[in-house]
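Take a look at the structure set out below.
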Amino acid sequence: MPQTVITIATKGQGLYEFTDEAAEFVRRTGVPEGLLTLFVRHTSASLLIQENADPDVKRDLREFFHRVVPPTSDASMHWVVHRQEGPDDMPAHIKAALTQVSIGVPVMEGRMALGTWQGLYLFEHRDHPHRREIVLHLGN
């Protein structure tokens with residue numbers, strides 16, 4: 001069964017689309033039908049299927065998660081113990097726990113069965129740049 005690893009260089013918190021890379025992997029496999037499983041190999045980033053037409057969606061999602069889980073420098077986060085890597089460390093783990101690290105996308109007629117406005121995103125939860133690995137596995 002075909003597998004590959006995509007590496008995404010992030011520049012800090014935000015959503016990074018990788019739909020085209022995943023579509024190219026599916027195309028190269030030649031598998032007409034199956035399930036594409038995507039898995040991010042990190043504890044402070046996650047995966048989303050989200051709208052890819054309006055950039056305001058990405059901005060609003062980032063703002064929402066910042067409000068729900070602010071950095072530990074915020075007074076409301078005084079209870080957090082895990083702070084070894086800075087004020088964004090534990091909040092990044094919480095955001096990853098609230099979202100998902102693995103998603104599945106059906107493959108039909110050799111293409112991902114995403115809707116018209118759906119895209120695949122890595123959701124980076126850390127402030128500093130990282131190199132994130134996403135494993136893609138296509139099974140039939």
Neighbours by Cβ (under 6 Å, 6+ apart or cross-chain): first from the range 70-84, open to solvent by less than 40 Å² (accessible area, probe 1.4 Å); second among the polar types (S, T, N, Q): VAL80/THR72
Take the residues in the range 88-113 that are of a type in the set (Gly, Ala, Ser), outside any strand (DSSP E or B) and in contact with a strand residue (DSSP E or B) (Cβ under 6 Å, 6 or more places away or on another chain), then tell me which one is most open to solvent (accessible area, probe 1.4 Å). ALA113
Filtering the range 118-136 down to residues that are within 15 Å of ALA23 (Cβ to Cβ) and open to solvent by 50 Å² or more (accessible area, probe 1.4 Å) yields GLN118
Among the residues of the range 67-77, is there at least one that is closer than 19 Å to GLU133 by Cα and at pLDDT 95 or above? no
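The values are calculated or read from the model by the stated rules, or taken from the named source; none is laboratory data. Since we're looking at a predicted model, the values are computed, not measured. Don't worry about glycine lacking a Cβ; one is built from the backbone with ideal geometry, like all the others, and counts go over all protein chains shown. Just so you know, the surface numbers come from the protein's heavy atoms only, side chains and all, with ligands and any DNA or RNA stripped out. Shrake-Rupley method; radii C 1.70, N 1.55, O 1.52, S 1.80 Å.
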